[in-house]
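See below for the structure under consideration.
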There are 2 protein chains.
Amino acid sequence: MTGLLPEGFHDRLPPAADAAARLEARVLGHARLYGYEQVDPPLAEFADELATRLKAGGVRDAVRFIDPVSQRTLAIRPDLTAQVGRIAATRMGHHPRPVRLCYAGQVLRLSGSELDPQRAMRQIGAELIGLDSVAAASEVVQVAIEALHAAGITGLAIDFTLPDLVDTLAAGRLDPATLETLRDRLDAKDAGGVAAIDRRYLPLIEAAGPFERAMAKLRSIDAGNALASRLDGISRIASSLDGQVALTLDPTERHGFEYQSWLGFSLFAQGVRAEIGRGGTYTVLHDEGREEPAVGFSLYADPVLDTGLGTAERTRLFLPYGTRTEEGRTLRAQGWVTVAALEASDTPQAQLCTHTLHNGEITAL
Amino acid sequence: MTGLLPEGFHDRLPPAADAAARLEARVLGHARLYGYEQVDPPLAEFADELATRLKAGGVRDAVRFIDPVSQRTLAIRPDLTAQVGRIAATRMGHHPRPVRLCYAGQVLRLSGSELDPQRAMRQIGAELIGLDSVAAASEVVQVAIEALHAAGITGLAIDFTLPDLVDTLAAGRLDPATLETLRDRLDAKDAGGVAAIDRRYLPLIEAAGPFERAMAKLRSIDAGNALASRLDGISRIASSLDGQVALTLDPTERHGFEYQSWLGFSLFAQGVRAEIGRGGTYTVLHDEGREEPAVGFSLYADPVLDTGLGTAERTRLFLPYGTRTEEGRTLRAQGWVTVAALEASDTPQAQLCTHTLHNGEITAL
């Protein structure tokens, strides 16, 4: 009985747990104002079903167990987006499109990453299923930003990526093996290696950084206009944000965006090294093999809380032993957090109170 | 890809998932007003550690798996109270007493019961650690009732039980084996069997039902005053509730109260057969073997939602294609849920809207 927890698992104590609940309520509350309705899939489901909807290999990182009832393997979800996609494709398959859904819940992973050792996390997000247009992506990015602002997060930045850009540029030019080599060298920012394949891809390495500058570079290499629709699209999303947040572009960034189609984005907040959320366009799989376009974002509570959200001051009003029930009720109705003495010997100090009640008067301590 | 879920697992769709989130926010919000601060333990922890804090056999019903990092067995929590007790005893062990904590989270069980086949549930509750006095229990019961009222639940009833009553009555009179037989026969309401052990326990079978009548029966059999302090205590709790809810007493009820010490209670709501929550007094185990008194309650979201909470009407305002960003923002600030057309062809009907905007005017559909 050491009270120790496994690596990657932690207790959230007061006031951080209160702050996490507040964050979640504000993000979901904001998404709801835009018509996103909450869904709540179960913590576990059939592993093979979940596997078809997770990005490649996702189910290998899930806790799996044999269900004594069905005698089949169940998996604890390592990600909520796949389950929301399942709901949209099956039980809400006949709902008119687009469907706007939001969610919050625990996810569990067998292994943490070097960047983020957490294995039990709270994922909060919103998904728009049925469209992956510029208008749809603009709305989703806008909801994410406003929700974070509503939760009190400042100094937001968005890093956009174009996950299929290299494939699109190279279409018909490179064989699959060379394309894969090119992508690896772009990831490694290996200019010599990239030039050895084709010097025309070299500017991609340079086309990363502040949004406008990176876009100008990308436009300059898009001689055949293969990228025009993507570049126009991402420009329109950026304009719709109207200077609310700092924007960067890292057009060949693939890491963690294997699941995304034409657009991906990471959300950052001032003073937090890790990304606080991410999103992009993707497809939802239907029974008959049909793929439906979608766009969404997810936030992870822990890095968001690292922005200092959890440091609000507590106000607690001590009710001395014998305070009338009615008096406490009146004070709570006024918004006070009241802490009642349950024994005559109890004190405001022992109850970590900031205020106390004496002859009907409230005194700050 | 059938979209089917394992038995005992279910998706919560709109508007039930929104209602569940609202319920949780109101219950926790109300507990917070009484000074209960939120904690959020992780979904899984070391199985052997959890086992010492769960009621007998509890960990056998938990999903367990080998953690590849620690090479030890972890368990997904089947109950949150044990984790809250761990936090109170370890990381918050030096916090002045009583400690008031609240929580909400997913729990997972390998097997459902006949009465409740659900295996993935959302548990919401509050615990007061450091006291199990009448004053402490009264506060906890009061918070539970007010929180349910605040969440819109009506027709509440509380069924009290005195889990250690039979043991107390029989102290020094019966050997352990006979006591166990007596308890089984009382559970089965087997009057003949009870009389065969000792006719004096017969009135216990009768002393169940409406609170005042049951109490009078219990007082009549408490010739030696062995029960006086318990009966006075439960009477004072009942008086403190001041007619807010219907009260019953089932003094020998043991089922599900194996964990409780002198007091247990079940919460019921009009029109819902299953109990919507339960609570009582118990002890929290400390490192050095010391036991600390505590009292708390837990609610389960599903039966609470069965009270019809999830049937509130949705109001959704359609913003025709091209509506100015600023106009949507103003309407959301007024509290409207807005659903923006993302294509010129989109309609209020397709977006399940109740209202639409036309030339700046809102029209009900």
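The values are calculated or read from the model by the stated rules, or taken from the named source; none is laboratory data. All values derive from a computational prediction rather than experimental measurement. Heads up, the Cβs are rebuilt from the backbone with ideal geometry, glycines too, and the neighbour counts pull from every protein chain shown.
Side notes on the structure shown:
- Flag if A:GLY224 is closer than 24 Å to A:ARG183 by Cα, surrounded by fewer than 19 Cβ atoms within 10 Å (Cβ to Cβ) and not assigned by TED's automatic domain parsing to the domain that holds A:SER138: yes
- Sole exception among (1) part of a loop (DSSP other than H, G, I, E, B); (2) at the interface with chain B (Cβ under 7 Å from one of its Cβ atoms); (3) farther than 29 Å from B:GLU49 by Cβ for A:PHE9, by number: (3)
- On the stretch given as segment A:113-148, residues that are at the interface with chain B (Cβ under 8 Å from one of its Cβ atoms) and of a type in the set (Gly, Ala, Ser) total 4.
- Boolean, A:GLN83 is modelled with pLDDT under 95 and either under 30 Å from A:LEU23 (Cα atoms) or assigned to a strand (DSSP E or B) (or both): no
- The residues on offer are A:ALA51, A:ALA20, A:ALA44, and the sole one that is crowded, with 21+ Cβ neighbours inside 10 Å and at pLDDT below 95 is A:ALA20.
- Some residue of segment B:61-80 being at the interface with another protein chain (Cβ under 9 Å from one of its Cβ atoms), within 19 Å of the chain's Cα centre (by Cα), assigned to a helix (DSSP H, G or I) and not aliphatic (A, V, I, L, M): no
- Here the condition is being within 30 Å of B:ASP132 (Cα to Cα) and more than 9 Å from chain B (Cβ to nearest Cβ); of A:SER345, A:SER298, A:SER266, A:SER261, it holds for A:SER345 alone.
- Residue match in segment A:176-188 (condition: assigned to a loop (DSSP other than H, G, I, E, B), free of Cβ contacts under 8 Å to residues at least 60 places away in the same chain and either surrounded by fewer than 17 Cβ atoms within 10 Å (Cβ to Cβ) or outside the structural domain of A:GLY29 (by TED's automatic domain parsing) (or both)): yes
- Failed item, numbered, when A:GLU275 is tested on (1) closer than 28 Å to B:THR323 by Cα; (2) part of a loop (DSSP other than H, G, I, E, B): (1)
- Screening B:PRO15, B:PRO42 for residues that are farther than 30 Å from A:PHE318 by Cβ and touching a Phe, Trp or Tyr at 6+ places or on another chain (Cβ under 6 Å) leaves exactly one candidate, B:PRO42.
- Of all residues in segment A:240-280 being of a type in the set (D, E, K, R) and under 13 Å from the mean Cα position of the chain (by Cα), the one that is surrounded by the fewest Cβ atoms within 10 Å (Cβ to Cβ): A:GLU275
- When B:ARG91 is tested against (1) of a type outside the set (Val, Ile, Thr); (2) facing chain A (nearest Cβ under 8 Å); (3) part of a strand (DSSP E or B), only condition (3) is not met.
- Within segment B:83-131, the residues that satisfy the criterion of being over 18 Å from B:GLU45 (Cβ atoms) and over 18 Å from the mean Cα position of the chain (by Cα) are B:HIS94, B:HIS95, B:PRO96, B:ARG97, B:PRO98, B:VAL99, B:SER111, B:GLU114, B:GLY130, B:LEU131.
- Strands (runs of 3 or more DSSP E) lying entirely in segment B:281-365 (those with 2 or more residues that are under 21 Å from the mean Cα position of the chain (by Cα)): B:291-300
- B:SER239 being out of contact with any Gly (no Cβ under 6 Å at 6 or more places or on another chain), hydroxyl-bearing (Ser, Thr, Tyr) and not assigned by TED's automatic domain parsing to the domain that holds B:ARG53: yes
- Verdict on B:GLY271 being farther than 25 Å from A:VAL140 by Cβ and more than 9 Å from chain A (Cβ to nearest Cβ): yes
- Tally of residues being surrounded by fewer than 16 Cβ atoms within 10 Å (Cβ to Cβ) and either at pLDDT below 85 or assigned to a helix (DSSP H, G or I) (or both) across segment A:192-218: 11
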